[in-house]
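The values are calculated or read from the model by the stated rules, or taken from the named source; none is laboratory data. For clarity, every value in this text was computed on a predicted model and none was experimentally measured. Neighbour counts run over all protein chains shown; Cβ positions are idealised from the backbone, glycine included.
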Ligand code: HEM
């Protein structure tokens, strides 16, 4: 696609401003740059023609309209075109399913994600961080830089797999190499990846069958999903269980890992913030941390602001897509059933009208907000009925990781300049995140 000069129509009364240049909206870097350019020229609501289908797509970056689409009028939308690629991986899991089936699955899964239940995973998360600290200590002693992107990706994968499979994770690994490690080893999310990932469904099916044969209750995610009972007495069948497990692995791994990789870059390049975070980590009550995951702990307020600020600057879910279910109006304009919409948290989170010095890393900008999630231009976990089911777990994983490691190490950025970005289904670092660690 060329970077042809764009001209705009004068805004008509019956439709949003339309971009003269056609653009295929896709989860990629070209689209990320094109959307930034188009927003600067056309504003917070515009339409663009998809050259492949000739269809008109709406791009929304006005916080009030974003809230309308995600929350107030959520019923008027299904997930959109951007999720089609994801469907190849996730079958009919809750990330992509719709209607009554989605409602039933979400209700069956929700209890496993309540903060009280999630507390059961904290000891495991801390133990995995302990293992990582040992490796990082060896690197620090040898004055060898670590790649924080690769290391947190591995850490988060193990945490997600242990949270889902409990002790079966050990059996899986003992039986040979971890079959899920392709998530950390294979950087491209193409059809070849999809085919290999698809093969893992067999592994998940085998674990489910073995559990059914043993009939012993388990309290990991899989165990809770297998025994989940709806109000109507319905349970999940084997195919649905497999799709939901695959969904949790995909949705829970790269998102959290990318956020933490970016957090390390930001922390390592801001020594003043780093020192304040370390003071917070040093004063943290470990027993309380293990019991609560640090939720709503005023003693970890800066850690939470740093996580929020990282998610603002580098939202892993950088592009959300929706499709209108029926004719209705949006922003005073008629929008037809079937219309595709995109919301770009990457742009919304750096919108100069809603954020002072938007490109600057300033965790204290959230001091005034009782909760960052109350900010209408802040949607790292989306909002409304389809908001991230794993948000509490993700916060606990990120907090426990940063507190554990910052109490032990002082990171220094060992890269040449800021990290390159790669916008795919998720926004992630394009290369390594080199850190020189000093043991404290
Ligand atoms: C920093 C970490 C995370 C971020 C930024 C994040 C972000 C998001 C976003 C933006 C959505 C909405 C997508 C859309 O509306 O199209 C979403 C949905 C979802 N997330 Fe997360 N996520 C994170 C961690 C997790 C974790 C740890 C899990 C589970 C282990 C998880 C599971 C899901 C699922 C299942 C959905 C679909 C929910 C539904 O449609 O009902 N996420 N996430």
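Restricting attention to region 304-356, report how many residues are over 25 Å from residue 396 (Cβ atoms) and in a strand (DSSP E or B). Counting residues in region 304-356 that are over 25 Å from residue 396 (Cβ atoms) and in a strand (DSSP E or B) gives 14.
Return the residue satisfying two criteria in turn: it lies in region 71-98 and is over 26 Å from residue 376 (Cα atoms) and more than 10 Å from the ligand (Cβ to nearest atom), and of such residues it is surrounded by the most Cβ atoms within 10 Å (Cβ to Cβ). The qualifying residue surrounded by the most Cβ atoms within 10 Å (Cβ to Cβ) is 89. What number of residues within region 380-417 satisfy the criterion of being within 25 Å of residue 438 (Cα to Cα) and not in a helix (DSSP H, G or I)? Going through region 380-417 one residue at a time, the tally reaches 11. Counting the residues of region 225-252 that are within 16 Å of the ligand (Cβ to nearest atom) and either surrounded by fewer than 19 Cβ atoms within 10 Å (Cβ to Cβ) or within 20 Å of residue 182 (Cβ to Cβ) (or both) gives 12. Screening the candidates 136, 102 for the property of being modelled with pLDDT of 95 or more, more than 14 Å from the ligand (Cβ to nearest atom) and in a helix (DSSP H, G or I) yields one hit, 136. When the residues of region 311-327 are narrowed to those that are more than 16 Å from residue 377 (Cβ to Cβ) and touching a residue at least 40 places away in the same chain (Cβ under 8 Å), which ends up nearest to the ligand (Cβ to nearest atom)? Among them, the one singled out is 316. Within region 421-434, does at least one residue satisfy the condition of being modelled with pLDDT under 95 and either farther than 29 Å from residue 158 by Cα or within 11 Å of the ligand (Cβ to nearest atom) (or both)? Within region 421-434 (the criterion being modelled with pLDDT under 95 and either farther than 29 Å from residue 158 by Cα or within 11 Å of the ligand (Cβ to nearest atom) (or both)), the answer is yes, since at least one residue qualifies.
When you look at residue 173, is it within 15 Å of the ligand (Cβ to nearest atom) and free of Cβ contacts under 8 Å to residues at least 40 places away in the same chain, yes or no? No, not satisfied. So which residues in region 208-228 are touching a helix residue (DSSP H, G or I) at 6+ places or on another chain (Cβ under 9 Å), at pLDDT 90 or above and under 18 Å from residue 109 (Cα atoms)? Scanning region 208-228 gives 208, 220, 221, 222, 223, 224, 225, 226, 228. The set of residues from region 108-132 being surrounded by 19 or more Cβ atoms within 10 Å (Cβ to Cβ) and within 9 Å of the ligand (Cβ to nearest atom) comprises just one member, 109. Comparison of 287, 291, 281, 275 shows that the only residue that is more than 16 Å from the ligand (Cβ to nearest atom), surrounded by fewer than 19 Cβ atoms within 10 Å (Cβ to Cβ), at pLDDT 95 or above and in a helix (DSSP H, G or I) is 275.
Of all residues in region 229-239, those being closer than 16 Å to residue 110 by Cβ and in a helix (DSSP H, G or I) number 0.
Every condition in (1) surrounded by 15 or more Cβ atoms within 10 Å (Cβ to Cβ); (2) within 19 Å of residue 255 (Cβ to Cβ) is met by residue 105 except one, and the failing one is (2). Taking region 204-224 on its own, how many of its residues are outside any loop (DSSP other than H, G, I, E, B) and surrounded by 14 or more Cβ atoms within 10 Å (Cβ to Cβ)? Number of matching residues: 9. Residues in region 182-197 that are out of contact with any helix residue (DSSP H, G or I) (no Cβ under 7 Å at 6 or more places or on another chain) and surrounded by 14 or more Cβ atoms within 10 Å (Cβ to Cβ): 2 in all.
For every residue, the table says whether it meets (1) within 21 Å of residue 428 (Cβ to Cβ); (2) more than 24 Å from the chain's Cα centre (by Cα).
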position: 138; (1), (2): no, yes
position: 141; (1), (2): no, yes
position: 144; (1), (2): no, yes
position: 151; (1), (2): yes, no
position: 156; (1), (2): yes, no
position: 161; (1), (2): yes, no
position: 164; (1), (2): no, no
position: 168; (1), (2): no, yes
position: 173; (1), (2): no, yes
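In this structure, does residue 255 turn out to be out of contact with any strand residue (DSSP E or B) (no Cβ under 7 Å at 6 or more places or on another chain), under 30 Å from residue 83 (Cβ atoms) and modelled with pLDDT of 95 or more?
yes
Output the qualifying pairs, or none if there are none: Cβ atoms under 8 angstrom, residues six or more apart or on different chains, first residue in region 205-234 and within 29 Å of residue 122 (Cβ to Cβ), second residue part of a loop (DSSP other than H, G, I, E, B) and within 16 Å of the ligand (Cβ to nearest atom). Close Cβ pairs satisfying both conditions: 218/166; 219/166; 220/166; 222/166; 223/166; 225/236; 226/236; 228/236. Scanning region 328-364 for residues that are more than 12 Å from the ligand (Cβ to nearest atom) and touching a strand residue (DSSP E or B) at 6+ places or on another chain (Cβ under 7 Å) gives 328, 329, 331, 335, 336, 337, 338, 339, 340. Name the residues in region 142-198 that are within 30 Å of residue 26 (Cα to Cα) and outside any helix (DSSP H, G or I), would you? Result: 147, 186, 187, 188, 189, 190.
Here residue 415 clears all of (1) under 23 Å from the mean Cα position of the chain (by Cα); (2) surrounded by fewer than 22 Cβ atoms within 10 Å (Cβ to Cβ) except the condition numbered (1).
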